[in-house]
1. Which ranges mark the strands (runs of 3 or more DSSP E) fully within the stretch B:167-280 that have 1 or more residues being under 30 Å from B:Phe93 (Cβ atoms), in contact (Cβ under 8 Å) with a residue 60 or more places away in the chain and out of contact with any Lys or Arg (no Cβ under 8 Å at 6 or more places or on another chain)?
2. Which condition number in (1) within 14 Å of chain B (Cβ to nearest Cβ); (2) buried (at least 18 other Cβ atoms within 10 Å of the Cβ) is the one that A:Leu22 fails?
3. Going through the stretch A:255-289 one residue at a time, which ones are among the acidic types (Asp, Glu) and assigned to a loop (DSSP other than H, G, I, E, B)?
4. Considering the stretch B:79-89 alone, what residues qualify as being touching an Asp or Glu at 6+ places or on another chain (Cβ under 9 Å) and not in a loop (DSSP other than H, G, I, E, B)?
5. When the stretch A:95-106 is examined, which residues are found to be assigned to a helix (DSSP H, G or I) and more than 7 Å from chain B (Cβ to nearest Cβ)?
6. Please report, ordered by residue number, the strands (runs of 3 or more DSSP E) entirely within the stretch A:147-209 with at least 1 residues that are acidic (Asp, Glu).
7. Can you tell me which residue within the stretch A:78-94, out of those that are assigned to a helix (DSSP H, G or I) and either over 15 Å from the mean Cα position of the chain (by Cα) or within 13 Å of chain B (Cβ to nearest Cβ) (or both), is farthest from B:Ser119 (Cα to Cα)?
Amino acid sequence: MIMKEFEVFGNKDTRSGFGEGLAEIARSNNKVVGLCADLTGSLKMNAFKDENPERFFQVGIAEANMIGIAAGMAVGGMIPYTGTFANFSTGRVYDQIRQSVAYSNKNVKICASHAGLTLGEDGATHQILEDIGMMRMLPNMTVVVPADFNQTKQATMAISELDGPVYLRFGRPVMPIFTSSDQEFVIGKADVLQEGTDVTIIACGHMVWKSIEAAKILFESGISVELINMHTIKPLDEQAIIDSVSKTKCVVTAEEHMMNGGLGDAVAQVLSKNLPCPHEYVAVNDSFGESGKPMDLMAKYGIDSPDIVDAVNKAMSRKSI
Amino acid sequence: MENLELSNVASQVRRDIVRMVAGVSSGHPGGSLGCADFLTLLYFDLMNHNSDKFSMEGKNEDVFYLSNGHISPVWYSVLARAGYFPVKELETFRKISSRLQGHPSTDKKLPGIRMASGSLGQGLSVGIGTAEVKKLNNDKSIVYTLHGDGELQEGQIWEAAMYAAGNKVDNIIATIDYNGRQIDGDVDDVLSLGDLKLKWQAFGWEVLTMNGHDFKEMKETLAQAKGMLGKQKPVVILMVTEMGMGVDYMMGSHKWHGVAPNSEQLDNALNQLKETLGDY
């Protein structure tokens, strides 16, 4: 049993991956337009804006209008990328997305930064933990939650090729980069980062790195972890889940999201229909967040690597019952 | 098109409206009847559009968005009568598996419709988005939107109004169906809009008013509106209409906003509306 060495290529925030990806895709695709609701710097959209002033639309603090304008631009044949915080990208504009983007099936890319607890000090008003659930409930919507800077950049470019609504979720904290810069992003195709036989950990976003940390600890105590980066929540790579769990017979899901409605529930649906087995959730348990440093918040709200280790032990112990 | 011909089309459209809503005992006849003349004018006279080969993108065509989607019957009738889809299909309105959903939608691919509407307040933003693309593409055609006056209580309308003026979106003509009524009663009683003309002016728009049942006046006002385009300001028309126009017992009240006539009431309505193009 060997734990793969994960090469770390540096440390960056995923939002910067979005900013670089947007600027890069716009150089080769003149249909790409960017809209922002007064958070250009936070979303790292300045490079796009500077290179394409005529294709950048500052809408001010008016997110509902931004979603509507984006939908109207998609009618006209453009590929609009909207940028604001995840909270204002989803909960604030759910009905606008529902009617003008999802139901009308418009080619709008809703790009959401500062998702989850790791937004940090701004606190619970801005720390949305329900967005994956809201977005994956919408018909026609693709939901992508890349794991690190490189993958966010690749995903930002890849979603331009998909003709339809996409929710792209990323965040604020600086985290290790462990996917390679040339790794192609395939929407809906899970990445098996580590093969193993005792337990399957399925994670998305920042929790993929936390799961790598947990897997290292688990390997040292003799537990063979299969680790899946489930960067696309919808459509979910059901086959990857079934293939892995057929072997390991138990699962831990890890997400920076509410326990209700997110990755864990999506995986649970697949398991209950195909392969019922012990499944433990690492997620926020029906609670709002609070102000604090990102990593302190992850620890306090039970979504840190030790929580993944605990969840694995629990899931494995349930296998033998 | 001559005004008399437009009147004839509008009369048939009104027959279609009352027959459609009566056929399923649901729908919104009041505002539909009130906007029958305007939509007839748009599709039969004013807009440059292609009903033979519907294009979602609407490149080099004028594009219309119905923001107050509940008056779908008038839009469906006008689209069918203009040739977007078979007139016979009007009989499927609000029935299961129909392309003519209760509120307009794109998922069943009804030609002529580019955006779902019904949840109010969204169409002005959408229209502005398409108008911005037309500017990017140097496409000189125009975006038209229609809104209810009650719909102006939605905050998103004013976000959009602020954006359009601030960004000089001067290729859009928004029209407000200013009938003074909404489902719970008179707009003034539900939530007054105050001085609507001053509000739009304060938001930086050119404001025109017209009688939405006088083709001559509408043609003149819309010609004036088009003349104002390209001058760095968006244009809004406050169109005074009568909810339920053409059917006497539906006029003068908000009560027929979202109520369908029964068969007796339908006969009464049809007796007041001339069949000019043949019922579906």
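Quick note: the coordinates plus some simple rules give every number you see, no bench work behind them. For clarity, every value in this text was computed on a predicted model and none was experimentally measured. With ideal geometry, Cβ positions are generated from the backbone for all residues, glycine too; neighbour counts draw on all protein chains shown.
1. B:172-178, B:235-240
2. Going through (1) within 14 Å of chain B (Cβ to nearest Cβ); (2) buried (at least 18 other Cβ atoms within 10 Å of the Cβ) one by one, A:Leu22 breaks only (1).
3. Of the stretch A:255-289, the ones among the acidic types (Asp, Glu) are A:255-256, A:265, A:280, A:286.
Of everything in the stretch A:255-289, just one residue is among the acidic types (Asp, Glu) and assigned to a loop (DSSP other than H, G, I, E, B), namely A:Asp286.
4. Within the stretch B:79-89, B:Ala80, B:Arg81, B:Val87 qualify.
5. Keep residues of the stretch A:95-106 that are assigned to a helix (DSSP H, G or I), which gives A:95-103.
A:Ile97, A:Arg98, A:Val101, A:Ala102, listed by residue number.
6. Working: elements: A:166-169, A:174-176, A:191-194, A:199-203.
Answer list for the stretch A:147-209: A:191-194.
7. Going through the stretch A:78-94, the residues assigned to a helix (DSSP H, G or I) turn out to be A:86-89, A:91-94.
Checking the rest, the ones that are also either over 15 Å from the mean Cα position of the chain (by Cα) or within 13 Å of chain B (Cβ to nearest Cβ) (or both) come to A:88, A:91-94.
Working: A:Phe88: 19, A:Gly91: 16, A:Arg92: 15, A:Val93: 12, A:Tyr94: 12 Å.
Restricting to residues being assigned to a helix (DSSP H, G or I) and either over 15 Å from the mean Cα position of the chain (by Cα) or within 13 Å of chain B (Cβ to nearest Cβ) (or both), the top hit is A:Phe88.
Table: residues versus (1) crowded, with 21+ Cβ neighbours inside 10 Å; (2) closer than 23 Å to A:Val32 by Cβ.
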site	(1), (2)
A:Val108	yes, yes
A:Cys111	yes, yes
A:Glu121	no, no
A:His126	no, no
A:Glu130	no, no
A:Met135	yes, yes
A:Leu138	no, yes
A:Val144	yes, yes
A:Phe149	yes, yes
